[in-house]
1. With the requirement that a residue be buried (at least 19 other Cβ atoms within 10 Å of the Cβ) and closer than 22 Å to residue 65 by Cβ, what does the range 172-208 give you?
2. Can you tell me which residue is farthest from residue 294 (Cα to Cα) among those in the range 90-127 that are out of contact with any helix residue (DSSP H, G or I) (no Cβ under 8 Å at 6 or more places or on another chain) and in a helix (DSSP H, G or I)?
3. For residue 228, state whether it is without any contact (Cβ under 8 Å) to a residue 60 or more places away in the chain, in the same structural domain as residue 68 (by TED's automatic domain parsing) and under 21 Å from the mean Cα position of the chain (by Cα).
4. Mind telling me which of the residues 205, 269 ends up being over 24 Å from residue 72 (Cα atoms) and assigned to a helix (DSSP H, G or I)?
5. Is the range 118-134 home to any residue that is closer than 22 Å to residue 166 by Cβ and in contact (Cβ under 8 Å) with a residue 60 or more places away in the chain?
6. If residue 199 satisfies all but one of (1) outside any loop (DSSP other than H, G, I, E, B); (2) assigned by TED's automatic domain parsing to the domain that holds residue 69; (3) in contact (Cβ under 8 Å) with a residue 12 or more places away in the chain, what's the number of the condition it fails?
7. Restricting to the range 158-189, count the residues that are closer than 27 Å to residue 234 by Cα, touching a residue at least 60 places away in the same chain (Cβ under 8 Å) and part of a loop (DSSP other than H, G, I, E, B).
8. Sort through 267, 285, 206 and tell me the only one that's touching a residue at least 40 places away in the same chain (Cβ under 8 Å) and either more than 19 Å from residue 95 (Cα to Cα) or not assigned by TED's automatic domain parsing to the domain that holds residue 118 (or both).
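The values are calculated or read from the model by the stated rules, or taken from the named source; none is laboratory data. Bear in mind the structure is a predicted one, so any value in this text is a computation, not a measurement. Here the Cβ positions follow ideal geometry from the backbone for every residue, glycine too, while neighbour counts run over all protein chains shown.
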């Protein structure tokens with residue numbers, strides 16, 4: 001009888017640097033952890049690698065000047081430029097903004113409110129409720145400063161409009177901010193538009209394309225190499241992170257080859273079919289700060305085929321309280337085990353009985369990994385998961 005369900009382990013590795021053989025490092029680290037800590041490999045175990053070290057090892061970097069050059073080229077050296085729905089993040093967006101400011105003379109910044117798309121606040125919501133504005137309003141920079149300008153973020157202690165304005169002007173570019181939840185409002189200021197939203201990027205770009213303007217998405221910037229730079233052909237600048245004051249690390253582009261190579265090497269060494277994935281931000285929301293963690297375009301940009309799909313589970317507490325309400329103890333446990341074994345499915349293999357919230361396996365497992373590894377100094381860029389696919393009937 002099994003006494004444990006899912007077990008998650010953070011695996012320490014050497015510090016990963018550009019050009020390192022990441023596949024070998026991951027495999028060796030997992031093998032050493034198993035040997036030194038007494039756990040055995042099993043089929044359907046999962047190895048997950050944070051996207052940060054994948055991008056680092058493949059050398060997927062760009063400079064601020066390279067990003068600026070790509071923007072200038074694609075907008076034909078614009079005199080002015082509007083950006084729509086950038087996130088409010090020093091790590092995620094400040095260097096991108098520096099590159100944008102380096103590309104033009106006048107920058108119009110349209111911010112969503114009361115927060116950006118991942119939950120970073122820009123104003124006091126109680127003041128908004130008691131003001132003349134609503135979520136359908138346009139708030140000029142002058143009005144913002146009059147009504148909300150004293151607001152600072154409770155976690156960072158800064159006002160991001162002030163921070164972004166100083167950054168833009170330091171590049172010799174003038175800046176004007178406007179708050180609106182309608183992307184078309186940017187067209188009141190300029191016809192050159194760079195959309196910067198992450199999860200609604202295609203809808204926003206399409207909406208603007210139907211109007212008389214030159215619109216490009218941030219996912220189309222650095223989607224090919226500029227002067228020997230890194231690039232990401234699918235996501236462009238989305239998922240990038242600050243590396244130095246003049247360099248960014250892009251979202252990894254060789255993840256699929258990596259996960260398949262690691263899976264093959266682990267099979268050769270352990271004889272087990274182990275799934276492998278690359279993970280970035282987890283898809284969860286902070287209930288206090290209201291920040292939705294997912295600032296990457298996806299939770300997992302690469303994974304092996306066994307991680308495709310959604311969980312096929314029954315709602316244990318629902319079955320216990322309803323179908324088997326009159327059972328207890330071992331009799332209840334055996335009845336539920338039989339229910340699990342005999343899950344009713346439709347022709348597509350989906351549950352037709354009461355099931356759990358439908359979410360992709362990679363989103364669930366990636367979120368678990370992100371919570372385990374954190375984004376600081378734990379030193380565990382590899383996560384090893386066992387028993388994730390087990391259920392009460394697994395013995």
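1. Result: 173, 175, 192, 194, 196.
2. 126
3. Working: without any contact (Cβ under 8 Å) to a residue 60 or more places away in the chain: yes; in the same structural domain as residue 68 (by TED's automatic domain parsing): yes; under 21 Å from the mean Cα position of the chain (by Cα): no.
When the stated conditions are applied, residue 228 does not pass them.
4. Checking each option against the conditions leaves just 269.
5. Filtering the range 118-134 down to residues closer than 22 Å to residue 166 by Cβ leaves 120-124.
Filter once more, keeping what is in contact (Cβ under 8 Å) with a residue 60 or more places away in the chain: 120-121.
Yes, the range 118-134 contains at least one residue that is closer than 22 Å to residue 166 by Cβ and in contact (Cβ under 8 Å) with a residue 60 or more places away in the chain.
6. Of everything listed in (1) outside any loop (DSSP other than H, G, I, E, B); (2) assigned by TED's automatic domain parsing to the domain that holds residue 69; (3) in contact (Cβ under 8 Å) with a residue 12 or more places away in the chain, residue 199 misses just condition (1).
7. Matching residues across the range 158-189 total 1.
8. Values: 267 fails: touching a residue at least 40 places away in the same chain (Cβ under 8 Å); 206 fails: touching a residue at least 40 places away in the same chain (Cβ under 8 Å).
Just one listed residue meets the conditions, 285.
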